């Protein structure tokens, strides 16, 4: 065959004028097409000639057509046959096989080899363990990054596999055509979710399709077919075809070159941290889907080292920080069971570091902190007694909380017009002291240290371990205040250790640099215990008790072994039901159906909220109306609603990071804890209040208040208590990312299972969400919640609740088990219902406040009082309480367990903002019942 064309340029110049060559592309293409038609040349003969020709000019044009143009933006421009293939596939589906044979097949092997070489040589797809960081994992798993890179490097293979996986089968094509003709585009409102007829039953045995993982448009910059709305692109599919293409190309690349591990490495890590067995991991590694177990373990250690170093960098920086520490206990095994019951356990301390941004430089002045020691000696009882301003603040806050709950939880409120605007308006009315602006908190887990911090010696060793890990010299470490946060036991041990080391050799040993602060979530935990202890009561004699409501709701958790989430859910749901019944009493409704038909406006809601707060949350009302008439049930209802609203106010203050509102609640809790016999946290409330006023500079006070709160997403209303963040890390260390069998050791936890838990959690979240499995925690449905509210309200209707009944409802206090004599005939009846805050105020005012101040004050000449520890923790002179429930709540020590997911996580961890006031203190979502099967 000649190497030059038979009809050259000279031939056509004599036939066609010059302006034809300069005509637009469309006109010249039409001219060429008309010539094919005029000469009656078959298209396949013409294409066959072009792709088999040895003519130099034709080969150059074909080479340009079949080449890969990397600089072009669109995939069809980078590889031009791809555009022709897509066009032919869409317009002539019955002829696409001929196109493959004529164009693709002769060059398929060369194209595949070329793309495969580009993929396995690309450095972005090769992850080296020695250089992988936590931020690297976050960037690696960003939605669409890997998929887009593979499509860019292998456009033909990606398109070919995409056609293979995304083409509708015969059944799907027929069904979708019928449905579109029947309903038009109405099904798009469901995010592409299909009816039962679209579940691929014809080819997969009536497999039920999952719900759509998310609603709304895909985020900016994210491909819709890789986002939550992929069903809109692939209508009728139960699986995302693009994911199959991504996995196939990544698998083939890993088989050819193990260094191309961009998908296998995070997938292996995802499986490893999710508890997949070693046998399954080995099989997946042999298949090429995952890396080996050895690589996964090396990756765990590498991520742990990077996470710990990330925290150490903060400890060494000039940025002020707060260290949170908490003791964790991990049960291993029993031994010597025939002689005695002995347990082998791991006692360690988990540590996290939180950056305090924009801290005043004055807070770093250690001498100003030391100069204020002992100033509490001038404190007096009025410093902890709520003021009139505090009362007004709480009254307005209660009205806002009640109004918000009515709008959210009244039956039928979902259909109220402008409901969300009402909630926004009510939130705007809530009083605020000094809330923090919403920013993402810089939290960095340091990991577990092999120290038991449950004692004074252990706390000192933990401080030394943290200082050594930071690599900061001792002199520099102790020359400025360091904020340490923990529960009551940790803070108490820090204070006791400092008292005993007041005459030690240097500032480091004297612990002068330690600025301890009690954490907020443990206050809420103990407040839950206090409410349950005071209001659980007896279901038979006291129909206003929580025990009665627990039975009506058929909550099956054991009151001998309660957990935090179950107790909190019972308190919250009981409060909501009482508020709904109060609406019925105020509005004159007689039946639940009347409440369902209620259609108020915002003014009605606010009026009723004010009336509820005035009549049913003020202790004076209960004392003057209920107890004077002998109605203990009514008094109990008022006391419970007041105490529960204080808890809700505390949680709301935490969710918006309002330290001023938190301190106001602590004033009331100082009395409530004392009246309930929970002396440790009663003293802790008092200590915080007098320290804030007398022994803390303004700059340090601002730092300590910032250290109380953590916001993972930087969104308003999404703050949680800082110690709750650490408790969540404890949960991941002890329950989720723990090794199996003999692998549970302190060395393994320190090297591969503690500092990295936040990175592991992020990896699991990103990987699962990318492949369409978002973090959807099972929760009770709203209809079940409304039915619970109806049961409680109808029970209160029968009992005539929230209306004073003279002399009918006496609740006798339980007799003491230690009393052996008979009751005197003239002794007055003692009620089991009492105002816990009045009891606590009486105790503090009768000398306990003065004793506490004197026993904890620092004296410049003598140091701390010798008997300060014993006197501060003495219970010998404390008054007994009338609250006896014959359950675990009678204990002065907190019996609430918090070792499950539902205890430590709440609405703040759900990636939705429903405007609920719950979630800042964990304990499950707003409709949760507090059990694992919610």
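Things to note:
- Being part of a helix (DSSP H, G or I), under 30 Å from residue 709 (Cβ atoms) and touching a helix residue (DSSP H, G or I) at 6+ places or on another chain (Cβ under 8 Å) holds for only one residue in 581, 573, and it is 573.
- Boolean, residue 309 is free of Cβ contacts under 8 Å to residues at least 24 places away in the same chain and within 30 Å of residue 127 (Cβ to Cβ): yes
- Among the residues of segment 511-534, those that are part of a helix (DSSP H, G or I) and touching a strand residue (DSSP E or B) at 6+ places or on another chain (Cβ under 6 Å) comprise 520, 521.
- Flag for residue 483 being closer than 30 Å to residue 862 by Cβ, surrounded by 22 or more Cβ atoms within 10 Å (Cβ to Cβ) and in contact with a helix residue (DSSP H, G or I) (Cβ under 7 Å, 6 or more places away or on another chain): yes
- Of all residues making up segment 437-471, the number that are surrounded by fewer than 18 Cβ atoms within 10 Å (Cβ to Cβ) and not in a helix (DSSP H, G or I): 9
- Here the condition is being surrounded by fewer than 21 Cβ atoms within 10 Å (Cβ to Cβ) and under 29 Å from residue 685 (Cβ atoms); of 555, 501, 533, 578, it holds for 501 alone.
- Within segment 407-426, not a single residue is assigned to a loop (DSSP other than H, G, I, E, B), in contact with a strand residue (DSSP E or B) (Cβ under 6 Å, 6 or more places away or on another chain), farther than 30 Å from residue 857 by Cα and at pLDDT below 95.
- Condition check for residue 496 on (1) crowded, with 18+ Cβ neighbours inside 10 Å; (2) touching a residue at least 60 places away in the same chain (Cβ under 8 Å); (3) in a loop (DSSP other than H, G, I, E, B); (4) in contact with a helix residue (DSSP H, G or I) (Cβ under 6 Å, 6 or more places away or on another chain): one failure, at (3).
- Residues within segment 616-648 that are part of a helix (DSSP H, G or I), in contact (Cβ under 8 Å) with a residue 24 or more places away in the chain and more than 33 Å from the chain's Cα centre (by Cα), tallied: 14
- Considering segment 833-934, the qualifying helices (runs of 4 or more DSSP H), each wholly inside and each with 2 or more residues that are over 39 Å from the mean Cα position of the chain (by Cα), surrounded by 14 or more Cβ atoms within 10 Å (Cβ to Cβ) and at pLDDT 90 or above, run over 836-843, 849-856.
The values are calculated or read from the model by the stated rules, or taken from the named source; none is laboratory data. As the structure is a prediction and not an experimental result, all values here were calculated from the model. Glycine gets a Cβ as well: all are built from the backbone with ideal geometry, and neighbour counts include every protein chain shown.
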